[in-house]
1. Here is a list: B:THR77, B:THR50. Which entry is more than 21 Å from A:GLY72 (Cβ to Cβ), assigned to a helix (DSSP H, G or I) and polar (S, T, N, Q)?
2. Within segment B:82-134, can you find the residues that are in contact with a helix residue (DSSP H, G or I) (Cβ under 6 Å, 6 or more places away or on another chain) and among the hydrophobic types (A, V, I, L, M, F, W, C)?
3. Condition first: at the interface with chain A (Cβ under 8 Å from one of its Cβ atoms) and of a type outside the set (A, V, I, L, M, F, W, C). Now tell me which residues in segment B:35-68 satisfy that.
4. I'm told B:GLN104 meets every condition in (1) within 10 Å of another protein chain (Cβ to nearest Cβ); (2) part of a helix (DSSP H, G or I); (3) in contact with a Phe, Trp or Tyr (Cβ under 8 Å, 6 or more places away or on another chain) except one. Can you identify the failing condition by its number?
5. Can you go through B:LYS111, B:LYS97, B:LYS122 and tell me which one is farther than 24 Å from B:ARG49 by Cα, out of contact with any Pro (no Cβ under 9 Å at 6 or more places or on another chain) and in contact (Cβ under 8 Å) with a residue 40 or more places away in the chain?
6. Which residue, of B:SER89, B:SER93, B:SER51, is of a type in the set (S, T, N, Q), surrounded by fewer than 18 Cβ atoms within 10 Å (Cβ to Cβ), within 26 Å of A:SER31 (Cβ to Cβ) and at pLDDT 95 or above?
There are 2 protein chains.
Amino acid sequence: MKIRILLLAGMIILSYQSLTAQKMDKELDPSFTHVVYFWLNNPDNDEDRTSFERSLKKFLDASKYAKTKFIGVPADTPREVVDGSFTYSLILSFSSKEAQDLYQKEAAHLKFIEESEHLWEKVVVYDSVGIKNL
Amino acid sequence: MKIRILLLAGMIILSYQSLTAQKMDKELDPSFTHVVYFWLNNPDNDEDRTSFERSLKKFLDASKYAKTKFIGVPADTPREVVDGSFTYSLILSFSSKEAQDLYQKEAAHLKFIEESEHLWEKVVVYDSVGIKNL
């Protein structure tokens, strides 16, 4: 009976771990954030959008270093200070500046650029490190 | 003895929950992301920086709606596509577009703007909703 209880407790803990593991991809590492805005040449072209999304997802799935992996589109919140002109946004985070340097050189990253750079007309990147005393 | 084992299992699960609860503030909700870049009038003035950071943190601590709460500074990654000219970056996420609308009107938010808007010369906001099929 003791063994059954221990097994049950173990199963509950493992379920919990699996649940939190699934959330890991959404965790923002404050060590380094990498935010990218893409303006496509043809933002209304469904074929271009599908091709871009597929290529970007394939790359992010393969990356050993990228965390968080948020891909977004403008939220339709018109205000004077809001720039809603981009086609796609990307929010990634990294465990360190060095991890982001390695990500820049990953084969999957270079492949994504090779596959998709003809689709965009402009890219703007904002890299940040979290302030320490937060 | 059975009760002791159950108590032990319960304690382990509670410790795990507490550990994951601490991480909640770093979790990015893909429903809505709100990214802000601030350019201060005097980015090299320590007093202005301290005042800005203190006011922003007080506001974020008080906000009922803001999630993630990342405050950053440029990461010193000079590349052609990188804009490293901002003074502070802010990455927040929300459970919905409606939650972000409510955040815009929160008393703590209005107080932060009143306290700190004299410190910045420019603000740019990018609001995104996560793509569904990720």
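1. Numbers: B:THR77 fails: assigned to a helix (DSSP H, G or I).
It is B:THR50.
2. The answer is B:PHE94, B:ALA108, B:PHE112, B:LEU119.
3. Of everything in segment B:35-68, those that are at the interface with chain A (Cβ under 8 Å from one of its Cβ atoms) and of a type outside the set (A, V, I, L, M, F, W, C) turn out to be B:TYR37, B:GLU53, B:LYS57, B:THR68.
4. (3)
5. On the way: B:LYS111 fails: farther than 24 Å from B:ARG49 by Cα; B:LYS122 fails: farther than 24 Å from B:ARG49 by Cα.
Checking each option against the conditions leaves just B:LYS97.
6. On the way: B:SER89 fails: surrounded by fewer than 18 Cβ atoms within 10 Å (Cβ to Cβ); B:SER93 fails: surrounded by fewer than 18 Cβ atoms within 10 Å (Cβ to Cβ).
The conditions single out B:SER51.
The values are calculated or read from the model by the stated rules, or taken from the named source; none is laboratory data. Remember, predicted model here, so these are calculated numbers, not experimental data. Methodologically, a virtual Cβ is constructed for each residue, glycine included, from the backbone with ideal geometry; neighbour enumeration extends over all protein chains shown.
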